Amino acid sequence: DAKTTQPPSMDCAEGRAANLPCNHSTISGNEYVYWYRQIHSQGPQYIIHGLKNNETNEMASLIITEDRKSSTLILPHATLRDTAVYYCIVRVYNYGQNFVFGPGTRLSVLP
Amino acid sequence: SQTIHQWPATLVQPVGSPLSLECTVEGTSNPNLYWYRQAAGRGLQLLFYSVGIGQISSEVPQNLSASRPQDRQFILSSKKLLLSDSGFYLCAWSRGGRNSYEQYFGPGTRLTVT
């Protein structure tokens, strides 16, 4: 799997958009970008994934650059409950492969 | 909707004692099942995965083992725990077959070996 680079921590004001960047410059053409988050002492929660088109669901938006070497997860209106560690992962779909969780970005939403 | 259960939520065990953690999934059939471990402040490490009853693949050699006695049941075991087995154990599932992308995680079991 390609490796990803994320900032170790970020702050965001409550109610504002949180934009979490991820670099994946060695991504292969058949690798997807996934985002998960982990709130303290809980299991990781799936957020969104995409291949090359921008994606949006009820939780977030995923913006992938045209060259696919980076992406941004957008939480449009961050709340205190969005405080968590956010993981950006790239992988080829294969049921035998695990999700390689790096250190992620610790997002702190401030009141 | 699908749900995944793990128990117990927390466990404190002495070194050398046995271990059995259980994971069950509801609301789906023939899922792929996974066991991960997360050490304090670290990322997740895949331990085992299963694509069907009795089919277990191990990713990391260790004193742990896994079994899948039923379609939606996944068990993590050890005959003798080590101090290094302490950690946060997570079970996950994904839809079976090649058209599944995301894994969904359970609430986890926090194991402390003393």
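Per-structure values
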{"item": "Residues of the stretch A:23-65 classified as facing chain B (nearest Cβ under 10 Å), in contact (Cβ under 8 Å) with a residue 60 or more places away in the chain and hydroxyl-bearing (Ser, Thr, Tyr), total", "result": "3"}
{"item": "Odd one out for B:Thr109, checked against (1) polar (S, T, N, Q); (2) at pLDDT 95 or above; (3) surrounded by fewer than 18 Cβ atoms within 10 Å (Cβ to Cβ)", "result": "(3)"}
{"item": "Members of the stretch B:58-67 found to be within 14 Å of chain A (Cβ to nearest Cβ) and within 12 Å of the chain's Cα centre (by Cα), listed by number", "result": "B:Ser58, B:Ala66"}
{"item": "Test: residue in the stretch B:34-42 that is in contact (Cβ under 8 Å) with a residue 12 or more places away in the chain and out of contact with any Leu (no Cβ under 8 Å at 6 or more places or on another chain)", "result": "yes"}
{"item": "Residue list for the stretch B:11-38, filter: exposed (fewer than 15 other Cβ atoms within 10 Å of the Cβ) and out of contact with any Ser or Thr (no Cβ under 8 Å at 6 or more places or on another chain)", "result": "B:Gly16, B:Ser17, B:Ser29, B:Asn30"}
{"item": "Test: residue in the stretch B:52-72 that is part of a strand (DSSP E or B), of a type outside the set (Val, Ile, Thr) and closer than 21 Å to A:Gln42 by Cα", "result": "no"}
{"item": "Strands (runs of 3 or more DSSP E) fully within the stretch A:11-111 counting 1 or more residues that are over 15 Å from the mean Cα position of the chain (by Cα)", "result": "A:84-92, A:105-110"}
{"item": "Test: residue in the stretch B:30-39 that is assigned to a loop (DSSP other than H, G, I, E, B), over 28 Å from A:Tyr86 (Cα atoms), at pLDDT below 95 and within 14 Å of chain A (Cβ to nearest Cβ)", "result": "yes"}
{"item": "Checklist (1) surrounded by fewer than 19 Cβ atoms within 10 Å (Cβ to Cβ); (2) away from chain A (no Cβ under 14 Å) applied to B:Leu76, failing item", "result": "(1)"}
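The values are calculated or read from the model by the stated rules, or taken from the named source; none is laboratory data. All figures in this text were calculated on a predicted structure; none of them were measured in a lab. A quick note on method: Cβ atoms are made from the backbone with ideal geometry, for glycine too, and the neighbour counts reach across all protein chains shown.
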